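Undergrad: Got a structure for you, questions after.
The values are calculated or read from the model by the stated rules, or taken from the named source; none is laboratory data. The structure displayed is predicted, hence computed values, not measured ones. For neighbour counting, all protein chains shown are included, and Cβ atoms are generated from backbone atoms with ideal geometry for every residue, glycine included. Calculation scope for accessible area: heavy atoms of the full protein, side chains included, ligands and nucleic acids excluded. Shrake-Rupley method; radii C 1.70, N 1.55, O 1.52, S 1.80 Å.
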Amino acid sequence: QVWDSSGRSHSVDLTALGKHGEVYTEGPFACLAWSHSETRLLYVAEKSRPKRRPSCPWDVPGAAGPAEEDGDEEVCALCPMKSVLAVPQGEQFRYHEDWGETLSTRSLPVLCVLDLESSSLSVLEGVPEHLSPGQALWSPGDHGVVFVGWWHEPFRLGLSACSNRRSGIFYLDLASGCCELLSAENGAACSPRLSPDSQRLLYLEGAVGGPHRQCLRLRLLTWQTRRTVTVLDVVQEPTEAFAGLYTEALPPRCWAADSRRAVLGTPQRSRTDLLLVDTEAATVTNLTAASPEGCWELLTLQWDLLVATCSAPHHPPSLVVAMLPPAGQELSLCWVPVEDTPTVPGVTWKTLTVRPPCSGQSSAAQDTQDFEALLLSPSHGTAPHPLIVCPHGGPHAVFDARWRPSMAALCQLGFAVLLVNYRGSLGFGQASISSLLSRVGEQDVADTQLAVEQALRSEPLDPHRLALLAGSHGAFIALHLLTREPKRYQACALRSPVSNLPALLGTSDIPDWRYTSLGLPYSFERVPRAEEVATMLLRSPIAQAAQVQTPVLLCVGASDRRVSPTQALELYRVLRARGVPARLLWYPEAGHALAGVETEADVFKNCAHWLLQHL
């Protein structure tokens with residue numbers, strides 16, 4: 001539907017037009033962009049595929065089959081108004097690749113244009129067959145479209161939460177049909193944003209392969225000359241002023257009206273801040289570093305009006321606005337609350353800085369680089385408080401100081417919660433991210449335990465009432481802690497746990513990570529060698545599962561494409577066989593994140609009950 005000041009002006013049933021499949025409304029490919037003339041809309045949808053002819057209500061066994069027409073179209077003899085593209089014989093059960101976790105219905109995206117003046121819909125031609133297009137926008141003058149193209153040959157690897165897939169920024173000229181690569185040939189580029197004066201294109205770029213999330217470059221292309229420069233480069237070691245760019249995408253509207261400055265949000269250590277970037281001077285100004293809220297998100301920037309949300313572990317998101325000051329005066333920016341939310345009583349929080357001990361075996365900076373943990377504590381009740389330890393998943397992710405309802409709820413139940421950003425987390429420099437490669441199951445586990453020890457020494461916490469609560473790679477860390485100190489933790493609740501690394505080679509949508517995490521090279525034709533499988537197994541918690549004595553709750557989604565639910569099933573059977581209290585919750589429709597209101601509520605309720613029962 002299209003609406004203007006006088007009401008609804010257009011309503012189009014895109015599906016009924018039959019030009020494409022499902023419209024992409026979310027995810028890495030999705031977009032919805034007005035042409036500069038505001039007469040055409042650009043979006044992404046699934047390419048139409050021949051479908052099996054639906055049974056006709058008048059079909060009679062033994063009656064004549066449907067008549068075949070040109071173009072592989074079938075027309076039912078008894079329902080001539082109903083026609084469908086026919087699936088060629090023998091092709092009905094052919095396997096079609098998709099883009100993995102959360103993208104199981106995304107296989108062959110196509111660029112589509114809806115012309116409101118002529119009431120016509122077209123699927124754009126000219127996109128190379130080896131590319132899957134998305135994130136499209138109109139070029140200057142509406143002469144073509146700019147889009148991100150992901151290489152999908154020889155096969156697709158999981159794309160969700162993976163900024164390391166080969167991709168480029170392309171320009172498709174609508175008149176000639178020519179497609180031009182604007183970014184690096186072998187990079188991972190995304191998030192193109194055209195300046196208000198249509199002269200410059202800003203985008204993110206990272207390395208192909210390696211960690212799934214990493215520190216990115218901010219690149220700027222001058223449209224007329226096609227000259228590209230790096231505005232902000234990869235940051236190896238963070239400074240107090242700037243720790244690097246780690247965001248998955250730039251805000252849809254990030255340019256200031258001067259077409260020189262841009263605003264974006266990104267993790268900076270254990271915060272997510274709004275940064276103002278001067279693209280000509282290549283400088284960064286942190287607009288929110290001094291604020292008590294630990295997480296900021298820019299919703300839009302129009303005519304220099306900033307609209308954002310901010311939150312903290314004890315403060316649900318508030319909506320705020322501000323006018324962007326002139327260049328050089330940005331720190332005078334003043335936020336005005338539009339919709340404020342009160343802080344939640346009974347919850348306090350602080351950031352703990354943890355420094356690994358110097359081993360003496362290595363002088364590398366990342367071996368002694370400090371990391372952080374967020375400690376949420378009940379402000380009521382009697383200390384010392386029981387402690388729930390939460391290493392994050394990823395592993396290249398971060399616990400920023402945002403509002404998390406489940407963590408605040410645990411505080412209100414009387415628990416302190418420790419959110420650990422071990423080395424390898426986002427927001428602490430690329431060197432920290434890279435330091436975890438070949439050290440998974442070692443460095444991350446040691447860092448988590450070090451954070452626990454420091455918290456127990458410095459805070460009013462009960463060392464005899466400790467529990468673990470984690471998901472995915474965080475659950476992998478938690479299981480290692482259970483095997484190394486069997487009597488230390490009194491309870492453990494895990495979501496979508498990783499327990500058997502070699503078993504994920506053929507079941508995960510990101511098999512490359514199994515090699516990369518151990519410092520091994522990956523290629524599409526890679527087949528594991530016996531010694532590599534042995535190494536993976538030795539790093540797997542399942543190999544030491546006999547040491548576990550702690551009661552374990554396991555929550556998994558049957559539709560998880562990233563970490564097969566059979567990982568938890570295998571562990572559950574081992575624990576039950578050894579007499580360890582274990583419970584398995586199996587959510588038939590859920591994926592890796594165990595998302596959805598009903599699922600999330602049930603997971604939280606069961607985890608909270610498990611922790612209360614055993615602590």
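Undergrad: Could you please give the count of residues in region 530-562 that are more than 30 Å from His609 (Cα to Cα) and not basic (Lys, Arg)?
TA: 9
Undergrad: Name the residue that is most open to solvent (accessible area, probe 1.4 Å), counting only residues in region 14-35 that are within 14 Å of Leu116 (Cβ to Cβ) and in a loop (DSSP other than H, G, I, E, B).
TA: Leu14
Every residue, every condition in (1) more than 22 Å from Leu245 (Cα to Cα); (2) without any contact (Cβ under 8 Å) to a residue 24 or more places away in the chain; (3) open to solvent by 10 Å² or more (accessible area, probe 1.4 Å), yes or no:
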{"position": "Trp99", "(1), (2), (3)": "yes, no, no"}
{"position": "Glu117", "(1), (2), (3)": "yes, no, yes"}
{"position": "Glu129", "(1), (2), (3)": "yes, yes, yes"}
{"position": "Pro140", "(1), (2), (3)": "yes, no, yes"}
{"position": "Gln199", "(1), (2), (3)": "yes, no, yes"}
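Undergrad: Out of region 571-610, which residues are more than 13 Å from Ser496 (Cβ to Cβ) and of a type in the set (Val, Ile, Thr)?
TA: Val574, Val580, Val597, listed by residue number.
Residues are listed down the side, and each one gets a yes or a no for (1) acidic (Asp, Glu); (2) more than 17 Å from Ala478 (Cα to Cα); (3) surrounded by fewer than 18 Cβ atoms within 10 Å (Cβ to Cβ):
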residue: Gly557; (1), (2), (3): no, yes, no
residue: Ala568; (1), (2), (3): no, no, no
residue: Ala590; (1), (2), (3): no, yes, no
residue: Ala595; (1), (2), (3): no, yes, yes
residue: Cys607; (1), (2), (3): no, no, no
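Undergrad: Which condition does Arg269 not pass, out of (1) under 18 Å from Leu182 (Cα atoms); (2) open to solvent by 60 Å² or more (accessible area, probe 1.4 Å); (3) among the basic types (Lys, Arg), if it passes all the others?
TA: Result: Arg269 passes all but (1).
Undergrad: Another one. List the number of the failed condition for Arg583; all other conditions in (1) more than 22 Å from Asp98 (Cα to Cα); (2) out of contact with any helix residue (DSSP H, G or I) (no Cβ under 9 Å at 6 or more places or on another chain); (3) of a type in the set (D, E, K, R) hold.
TA: Here Arg583 meets the rest and fails (2).
Undergrad: Conditions first: (1) modelled with pLDDT under 95; (2) open to solvent by 20 Å² or more (accessible area, probe 1.4 Å). Pro356 passes all but one, so which condition is the exception?
TA: The number of the failed condition is (2).
Undergrad: Residues that are among the aliphatic types (A, V, I, L, M) and touching a Ser or Thr at 6+ places or on another chain (Cβ under 7 Å): does region 341-364 have at least one?
TA: Looking for residues that are among the aliphatic types (A, V, I, L, M) and touching a Ser or Thr at 6+ places or on another chain (Cβ under 7 Å), one finds at least one in region 341-364, hence yes.
Undergrad: What number goes with the only condition from (1) part of a helix (DSSP H, G or I); (2) of a type in the set (A, V, I, L, M); (3) surrounded by fewer than 21 Cβ atoms within 10 Å (Cβ to Cβ) that Val527 does not pass?
TA: Val527 satisfies every listed condition except (1).
Undergrad: While we're looking at this one, here's another question. For Glu240, all conditions in the list (1) of a type outside the set (Gly, Ala, Ser); (2) at pLDDT below 95; (3) within 23 Å of the chain's Cα centre (by Cα) hold save one; what is the number of the exception?
TA: If we test Glu240 against (1) of a type outside the set (Gly, Ala, Ser); (2) at pLDDT below 95; (3) within 23 Å of the chain's Cα centre (by Cα), just (3) comes out false.
Undergrad: Out of region 575-588, which residues are open to solvent by 80 Å² or more (accessible area, probe 1.4 Å) and either part of a loop (DSSP other than H, G, I, E, B) or touching a Gly at 6+ places or on another chain (Cβ under 6 Å) (or both)?
TA: Those that are open to solvent by 80 Å² or more (accessible area, probe 1.4 Å) and either part of a loop (DSSP other than H, G, I, E, B) or touching a Gly at 6+ places or on another chain (Cβ under 6 Å) (or both): Arg578, Pro588.
Undergrad: Somewhere in region 501-523, is a residue part of a helix (DSSP H, G or I) and either on the phi > 0 side of the Ramachandran plot or open to solvent by 50 Å² or more (accessible area, probe 1.4 Å) (or both)?
TA: Looking for residues that are part of a helix (DSSP H, G or I) and either on the phi > 0 side of the Ramachandran plot or open to solvent by 50 Å² or more (accessible area, probe 1.4 Å) (or both), one finds none in region 501-523, hence no.
Undergrad: Which of the following residues is open to solvent by less than 20 Å² (accessible area, probe 1.4 Å), in the same structural domain as Glu129 (by the TED database) and assigned to a loop (DSSP other than H, G, I, E, B): Gln214, Gln224?
TA: Unique residue meeting the criteria: Gln214.
Undergrad: Still on this structure, I have one more. Would you mind finding the one in Ala431, Ala451, Ala467 that is aliphatic (A, V, I, L, M) and more than 26 Å from Ala568 (Cβ to Cβ)?
TA: Criteria check complete, one pass: Ala431.
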